[in-house]
1. Looking at A:ALA144, A:ILE127, A:ILE194, which one has the Cα that reaches farthest to the positive end of the dipole of segment A:85-223 (charges on Cβ: Lys, Arg +1; Asp, Glu -1)?
2. Defining the label point at 7 Å along Cα→Cβ, can you sort the distances from B:LYS63 to the same site in each other copy, shortest first, in nm?
3. Determine the distance separating the Cα centre of segment B:392-435 from the Cα centre of segment A:363-430; give it in Å without decimals.
4. Calculate the mean, over all residues of peptide B:380-393, of how many other protein chain Cβ atoms lie within 10 angstrom of the residue's Cβ.
5. Run through the DSSP bridge list for chain B and note the antiparallel percent, rounded to the nearest 5.
6. With +1 assigned to the C-beta of every Lys and Arg and -1 to the C-beta of every Asp and Glu, and no other charges, what is the dipole magnitude of segment B:1-123 about the Cα centre in debye, to the nearest 20?
7. Average partner chain C-beta neighbours within 10 Å, per residue of B:39-51?
8. Roughly how tilted is helix B:356-368, in degrees to the nearest 10 and between 0 and 90, from the longest Cα axis of chain B?
Protein chains: 2
Amino acid sequence: MEIIKPTTIAGIMELLPEEQVVFDQIKNTIENTFAEFGFANIDTPLIEKNEILFAKGGGETQKQIFEIASESKDMSLRFDLTVPLARYVSEHFSNLNFPFKRYQIGKVYRGERNQKGRYKEFYQADIDIIGNNDLSIYNDAMLAKVIFEAFSRLNLPEVTFHINNRKLLNGFFESLEIVDTTEILRTIDKKDKIGLEKTKSYLEEIVGEEKSTQILEFLENKLEGLELLEDLEKFEANEKYKLGLSEIKTVYQYMLYLDIPKENIKIDLSITRGLDYYTSTVYETFINGYESIGSVCSGGRYENLASNFSKQNLPGVGMSIGLTRLFYQLQELGIVDKKAKTTEKIIILPMDEKYNFYAIDLLKKLKAAGKNADIYFESGKFKKKIAYADKINAKYALIIGEEEANNKEITIKDLSKSDQETIKFDQVEDYFTNN
Amino acid sequence: MEIIKPTTIAGIMELLPEEQVVFDQIKNTIENTFAEFGFANIDTPLIEKNEILFAKGGGETQKQIFEIASESKDMSLRFDLTVPLARYVSEHFSNLNFPFKRYQIGKVYRGERNQKGRYKEFYQADIDIIGNNDLSIYNDAMLAKVIFEAFSRLNLPEVTFHINNRKLLNGFFESLEIVDTTEILRTIDKKDKIGLEKTKSYLEEIVGEEKSTQILEFLENKLEGLELLEDLEKFEANEKYKLGLSEIKTVYQYMLYLDIPKENIKIDLSITRGLDYYTSTVYETFINGYESIGSVCSGGRYENLASNFSKQNLPGVGMSIGLTRLFYQLQELGIVDKKAKTTEKIIILPMDEKYNFYAIDLLKKLKAAGKNADIYFESGKFKKKIAYADKINAKYALIIGEEEANNKEITIKDLSKSDQETIKFDQVEDYFTNN
């Protein structure tokens, strides 16, 4: 028979079982935190109608889409979890309670060029709070708290939030009589990457020297936290600016009151989150000491989630973790284990199939005691059996040979220490309670 | 702005949040059981190369496939989890330990016609044990035990396994000098559906009256369990028959010894699992009292998982649950709740935003005590706030108005009883420990 080379599509992450355990621990920790804070899981389909996915106009995204080659060519794989959320909330509007707090952790698809750390299929972990007509600003702080809690439970270095407010920024620009802010926001967003000099010269090209200097003075304010906010209050730009300032102050104070330490929140006026989408709070999240990998969780507040699908006004606030890319980066940096650590697994090794029933007796006893135990039923010599125990990272091998079976005994080999002892069958629970 | 009607593709199950909770409980219970019995999770991509998916030749499946409309047209959505498993085990062969015990719960895609209970996107929950060159028969019993345990934890009526052995069947047919068994197996498989009369006449068409009578006598043996097996031993057909009989006897005895009750195992000679694929044990699983919905978990043993992708000989045994269809059926039959039951949720309702900090103090106290608590931050009248508490199925609403804030008190409304009392802030932990 012709053998077809077994390979996945290039640019897709597929993990070995021991790596999968590490990934799943991260995914489950995030999911459990989201659920614990009262967010509901939704599980939208991976395929959506094209008219839904491209409702906002395709643009760059449309080029990256995986379209389904059905006759009618009217569906594709989702490229994010936000468009499906907008569709979901609009479709099921009358059956949802608002504020609607939902999370979704799922795979999304983009035709990325093959490149290290870029994936065609990747997990996003999204969390959003959607209001009906209005949504209080306190949710912006609560959302950050949930994310902070999730990352705290991951046993990574701590994270720091960089927060900003788009009304504050836009109000400031309007006070400088700058109308089209798109290019400016894009430039500011890249400030840390391209450096101050380049930022300055780009800004000068767009708005001239005077305004460029004013913008950079504003952005480069060296004060921090409440002192920075108080300093910004001195500048009486306009109503939009004042509103933005009041919002970011509230979010900041509530984040503190929710026990996110002061050191872990930075008011960062150069965070813009490029997209037009966001209209108030914007956040990015960095792992302390690993800022170079970029923001690991970003998001912000938007005026209306679903103007394409609904006449309802649905303001919201959301954040998203690019889980697959994050996992890749954590592996590369050696912050997470490449493989799961040695487990507490117990493997029972009957030396002949005639001891299988005795092995099952033992298994039942261990299972009843809540132990992670299993039987290796395959035939073979002692060496093969003990090698299996080693390879699966078992902590104990429980050996049942002729003598053990005849005397109702078990030989226990502690694989981490490579010593062994023989105990009575009835002592097995005691042994594992004390060891 | 033009509004696009927000809808999913027809023939896809999408759940409301309260239904999703019920679905997730089922999914998580199955997953946790698989993991607890030492099976490793793998998470293969949803898209695979066409050459992988169609390695065995496309046939009926290929017509149902969702192909990706990339320029090269060389990938599609997976239609099951078995082909990806075969590819995975072959690709990562040298990094896996055998027997390789894996589970995977994931979505698969088939272009089913729109029809109630048939889905284009649906979950399969698969569990398999793959051997390297050989795999002991005891695994077939252990796999049934894992499935039995998973269903036992779902709070459904009990399940009954129908088990059979393809060697036994084929050995029997060979002894009747029937060479091509495909049509016979297909007919027998439908016996319960089409009835004895039709089965008889179909069989007569294929093999004539005499052999048809012999086949039906064999299948309609009214003995059960070990008695049936002993009776079958009297018939000395050939080596294949004997081997099959010895295998099914071992599987049956081990299932019993693994504490699957006798009443929950039926040796059922008419179970064939149509496909050529299976070569020894075959199983189907029925929910007692709901046999009409068909087998909810089926599978069996196969000689070689991956002959298309590997020169290794990889025998295995596996079972699969069609989770989405099962959930639909359980909902239709009213065996599972349509919505999650009232939760233990506590919702804190500050009557004005000036009590928000006090509300957060209360939230922290409740979270520290491990309670499922949340704050409703939205502005509005008392009526709106309490209506929200009702709608989200909260058990308690904790009201903070002027008086409560001034006196460091909380008014607790038990929404299940509609009575309320006011307690001191410091008493809140005691209250929820005792209530």
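Readers should treat all values here as calculations from the given coordinates under stated rules, not as data from a laboratory. This is a predicted model, so every value here is computed, not measured. Counting neighbours? That spans all protein chains shown, and the Cβs are built from the backbone with ideal geometry, glycine included.
1. The one lying farthest along the dipole's positive direction is A:ILE127.
2. So the distances to the same position in the other copies read 4.0 nm.
3. That distance is 54 Å.
4. Working: counts 2, 0, 0, 0, 0, 0, 0, 1, 3, 0, 1, 3, 4, 1.
Mean inter-chain Cβ contacts per residue within 10 Å come to 1.
5. Values: 48 of 62 bridges.
Counting only bridges with both partners in chain B, antiparallel ones make up about 75 percent.
6. Details: 16 positive and 18 negative charges, 88 e Å.
Value, rounded to 20: 420 debye.
7. Details: counts 2, 8, 6, 5, 9, 4, 11, 8, 10, 4, 7, 0, 4.
Mean inter-chain Cβ contacts per residue within 10 Å come to 6.
8. Tilt relative to chain B: about 40 degrees.
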